[in-house]
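Take a look at the structure below.
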There are 2 protein chains.
Amino acid sequence: MAGIKDVAKAAGVSVSTVSYVLSGKRSISNKTADRVLDAVNRLNYIPDASARKMRGHLSHVIAIAPGRREVRHSSLSAYFMQTALRAKAGGYDVLLLTGEDPVDDILRVAQSNLADGVVLLDVEENDLRAARAAEYGKPCVCIGFPKDHDDCACVDVDFACMGRLAADRLRDLGHERVVLLRSVEHLSEPMSGYLNLFRDSFIAAAEDRQMVVMESELTEYRNFDANAFVSKYLIPKNGATAIVNQADPSVLNTVLGVLSVSGMDVPQYVSVLSCGTLLDSYPMSKGISEMPITPAVQCSRAMSLLLGAIEEHHDIRGEVDLSVPTFIDRGSLSRAREAQKGGCG
Amino acid sequence: MAGIKDVAKAAGVSVSTVSYVLSGKRSISNKTADRVLDAVNRLNYIPDASARKMRGHLSHVIAIAPGRREVRHSSLSAYFMQTALRAKAGGYDVLLLTGEDPVDDILRVAQSNLADGVVLLDVEENDLRAARAAEYGKPCVCIGFPKDHDDCACVDVDFACMGRLAADRLRDLGHERVVLLRSVEHLSEPMSGYLNLFRDSFIAAAEDRQMVVMESELTEYRNFDANAFVSKYLIPKNGATAIVNQADPSVLNTVLGVLSVSGMDVPQYVSVLSCGTLLDSYPMSKGISEMPITPAVQCSRAMSLLLGAIEEHHDIRGEVDLSVPTFIDRGSLSRAREAQKGGCG
DNA sequence: TTGTATGCGTTATCAT
DNA sequence: ATGATAACGCATACAA
């Protein structure tokens, strides 16, 4: 591993000249610059990251902390990769923490200056990592919305808004009876914040609009019975005309299979709207319209905030950045079947 | 951020005493040790990672490099997390690279000494990252089995062996006609190495054993038609008595749905064996026996090799560590239906 | 048992 | 336009 001294020697100049050629922070004659760059290439010189940091006081590394690792989270790698991409675009690398002893890990990498900032994933309503953000001594941003966020910034989709938008959209299509399909993830306590944010807001908005909301039972994955679900909520005369899905794509897929076999076409017989999910990278048996989570958007905003805090010394503590939910039409929504028959409901 | 000087001042000792108290590399009187540790706690002192590294020449960071990010890979986060866990157990942190410009990224972090070693994920048969491992100047281990692995170590499940074991197991149960279910991932060129390793070995072994292997068409996810698959390969008189699945769990799930609806019970009518998949964290509609990929095992071995190379200066270039496939019985295998009727085939 | 001094590889501040 | 050198925070060889 050649160092700056070797380059200087090879180019016949001093170390400071080499440094300045590389940083461009003062004017250098073309002749010396060429000699230096030539030596750099010949020796394959790359500055040592630690030594560089000792002066600049920035490691150009941000830490990313997933939640407890036992939480099933199929979109986790999307958040990892998007964070890494955005970080790299800003000249940063990403350090991946494990999720066990989350606070300890964050404290260690933050206080040892291994990382310049922290991104928190899988943030729960009562999140210890967020609550203790003040101790990190480094800027911290949550992807999610913890109750106690005095010392960190929060970036998330506006799930309360999503609930209202979902209710509006279905009501506008004449749906008056809706069933909410939820899956096992909800069984773990404390429930993941955003799922409940959406649920509560959706139910409130739906009731405001005189809609009836049924909720599927919460079961273990393996015990989920799509036939029972369809029989109970969709077949009866007063069954739902629309499904709002919050469950795992696979659970939804199973339901779609039963609907298909039973001749209950989507969207003619029943409309389906999936909320807070990420279906586009997932092989669904049928296109399902969706108000998705948006890892790319959230990670991008999180990195903007974080880099602003690190490099411009912005104080981002307590900042909240909720983004308006997007809607992707994949053709699984239509007017409610009664409304279709009876006219403009 | 308190430094070692602050601690020394607060404890009324010299910096070297503080350093030695913390490292335990020479004996210290209890009295001073207590004073120092007290000061350390009071000031919340954590040594600076970069300064420490300047002496030790180890950053205690390993880089993990996923393949091209557009490759769908639902188990990616399992590899990330397992690597991070094993690394942390050895006192290392994990730096997550992005997958675009893979070689550039690796060169940068390796040559700048940001990372002490490299783990390659999503390794393809012709993998540029593995082929150029010599340039990294740091030990490198692949999870996967590239053709050119002169300059890195390889850790993987022995997929060739898995193919033989799968053929044996089915043949022992009297299955003579088997259909191989594969999914869209295979469409991208070059095909992911391990999928083909298994396929080729399975087909060869099956033919050795006088079995007939059919292969499902390769289609896009959204175009996969489970009904057509079942009609074509399972319903005919000379249809398959067993399915060997290499496809995405969701694709398999769809097939299981069709089988269930058609009254073709698993395993009474048709046996199912899933190979090279990771079903246990996945909500299948029915338990499926499996010879799975094993992220925890591979990551653990990869880290052992890597840390040995980093810390004991073992030369691991060219080493290949293939682990014997495991079998998980979830009750989806039984004797072939003809064999059941006709006796000991 | 403890303290002093040096060096790790850079960058920035002087000086030339 | 270029060179010499101090300083970053720590670990260790050496001195006491």
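Taking 4 °C and 1.567 mPa s as the conditions, I'd like the Stokes-Einstein D for the range A:205-345 in µm²/s, using the Kirkwood hydrodynamic radius from alpha carbon pairs.
D = 74 µm²/s.
Starting from the alpha-carbon convex hull of the range A:1-91, give the projected area averaged over all orientations, in nm².
Average projection, Cα convex hull of the range A:1-91: 8.3 nm².
So for A:Asp315, A:Asp168, A:Asp156, what's the accessible-area order with a 1.4 Å probe, most first?
The residues order as A:Asp315, A:Asp168, A:Asp156, largest area first.
Taking a ≥ b ≥ c as the square roots of the Cα gyration tensor eigenvalues, with a/c under 1.5 meaning rounded and otherwise prolate when a/b beats b/c, else oblate, which class fits the range A:58-191?
prolate
How far is A:Glu311 from itself in the other copies, in nm, if each label sits 7 Å out from Cα along the Cα-Cβ line, shortest first?
The projected label point of A:Glu311 is separated from its counterparts by 3.7 nm.
Sort B:259-266, A:195-202, B:42-49 for me by packing, meaning the mean count of neighbouring Cβ atoms within 10 Å per residue, highest on top.
Descending packing order for the listed peptides: A:195-202, B:42-49, B:259-266.
Would you pull out the residues with amide H under 5 Å of A:Ser323's amide H, same chain only if 5 or more places away, H placed 1.01 Å from N?
Excluding prolines and chain starts, which carry no amide H, the hits are A:Asp156, A:Val157, A:Asp158.
Counting only other chains, and only Cβ atoms inside 10 Å, what mean value do you get across the residues of B:14-26?
0
Charges on Cβ only, +1 for Lys and Arg, -1 for Asp and Glu, centred on the Cα centroid of the range B:1-57; of B:Ala11, B:Leu43, B:His57, which one is farthest towards the dipole's positive end?
Checking the options against the dipole of the range B:1-57, the answer is B:His57.
Could you order A:Met81, A:Met1 so the one with the most accessible surface comes first? Probe is 1.4 Å.
The residues order as A:Met1, A:Met81, largest area first.
For the pairs A:Lys286/B:Lys232; A:Lys25/B:Lys53; B:Lys88/B:Lys147; B:Lys31/B:Lys53; A:Lys5/B:Lys9; A:Lys232/A:Lys286, flag any whose C-alpha to C-alpha distance is greater than 24 Å.
The answer is A:Lys25/B:Lys53; B:Lys88/B:Lys147; B:Lys31/B:Lys53; A:Lys5/B:Lys9.
Only bridges with both residues in the protein assembly as shown count here: give the DSSP antiparallel percent, nearest 5.
5 percent
Can you list, shortest first in nanometers, how far B:Asp148 lies from the same residue in the other copies, with each label 7 Å from Cα toward Cβ?
Counterpart label points of B:Asp148 in the remaining copies fall at 5.4 nm.
Which distances in nm, rounded to one decimal and ordered from shortest, link the label point of B:Gly56 to the equivalent label points in the other identical copies, with labels set 7 Å from Cα toward Cβ?
List, nearest first: 2.3 nm.
I'd like the accessible area for B:Glu319: 1.4 Å probe, protein heavy atoms, all chains in place, Å² to the nearest 10.
80 Å²
Give me a comma-separated list of calculated 3J(HN,Hα) values for the range B:23-31, in order, Karplus coefficients 6.51, -1.76, 1.60 applied at θ = phi - 60°, integers in Hz, x for any Gly or Pro.
8, x, 8, 7, 6, 10, 5, 4, 4
Which of rounded, prolate, oblate describes the protein assembly as shown, given a ≥ b ≥ c as roots of the alpha-carbon gyration tensor eigenvalues and a/c under 1.5 marking rounded, otherwise prolate only if a/b is larger than b/c?
Because a/c hits 1.5 or more and a/b fails to exceed b/c, the protein assembly as shown counts as oblate.
Going toward the positive end of the dipole of the range B:1-154, with +1 on Lys and Arg Cβ and -1 on Asp and Glu Cβ, which of B:Gly117, B:Val103, B:Tyr136 do you reach last?
Working it through, the farthest residue towards the positive pole turns out to be B:Gly117.
Amide H of A:Met214 versus every other amide H placed in the peptide plane: which residues, excluding those fewer than 5 positions away on the same chain, fall under 5 Å?
For A:Met214, whose amide H was placed from the backbone, the distant partners under 5 Å are A:Val178, A:Val179, A:Leu180.
Over 35 Å apart: what share of the alpha carbon pairs of chain A falls there, rounded to a whole percent?
Taking all Cα-Cα pairs of chain A, the fraction more than 35 Å apart is 39 percent.
Ballpark to the nearest 100 Å², how much total accessible area do B and A bury together, probe 1.4 Å?
4700 Å²
Pull up all non-local amide H partners of B:Cys142: gap of 5 or more, or a different chain, and H-to-H distance under 5 Å with H placed in the peptide plane.
The answer is B:Leu120, B:Ala153, B:Cys154, B:Val155.
Run the quick spin-label model on B:Val15 and A:Met264: label points 7 Å from Cα toward the beta carbon, then report their separation in nm to one decimal.
If labels sit at B:Val15 and A:Met264, their model points lie 7.3 nm apart.
Run the 1.4 Å probe and let me know the accessible area of B:Lys147, rounded to the nearest 10 Å².
Roughly 130 Å² of B:Lys147 is accessible to a 1.4 Å probe.
Which of the three applies to the range B:159-270, rounded, prolate or oblate, going by the alpha-carbon gyration tensor with a ≥ b ≥ c and a/c under 1.5 meaning rounded?
Oblate.
In peptide B:281-288, what is the residue-averaged number of other protein chain Cβ atoms found within 10 Å of each Cβ?
Mean number of neighbouring Cβ atoms from other chains: 5.
Taking the Cβ of A:Glu312 as the center, what net charge do the other residues with Cβ under 15 Å away carry, scoring Lys and Arg +1 and Asp and Glu -1?
The answer is -2.
Applying the Karplus parametrisation 6.51 cos²θ - 1.76 cosθ + 1.60 with θ = phi - 60° to the phi angles of the range B:46-54, what ³J(HN,Hα) value in whole Hz is obtained for each residue in order, glycine and proline being reported as x?
So the J values, rounded to whole Hz, are 10, x, 6, 4, 5, 4, 4, 5, 3.
The values are calculated or read from the model by the stated rules, or taken from the named source; none is laboratory data. From a predicted model like this one, the values you see are computed outputs, not experimental measurements. Glycine gets a Cβ as well: all are built from the backbone with ideal geometry, and neighbour counts include every protein chain shown. Accessible surface is based on the protein model in full, side chains and every heavy atom, while ligands, DNA and RNA are left aside. Shrake-Rupley method; radii C 1.70, N 1.55, O 1.52, S 1.80 Å.
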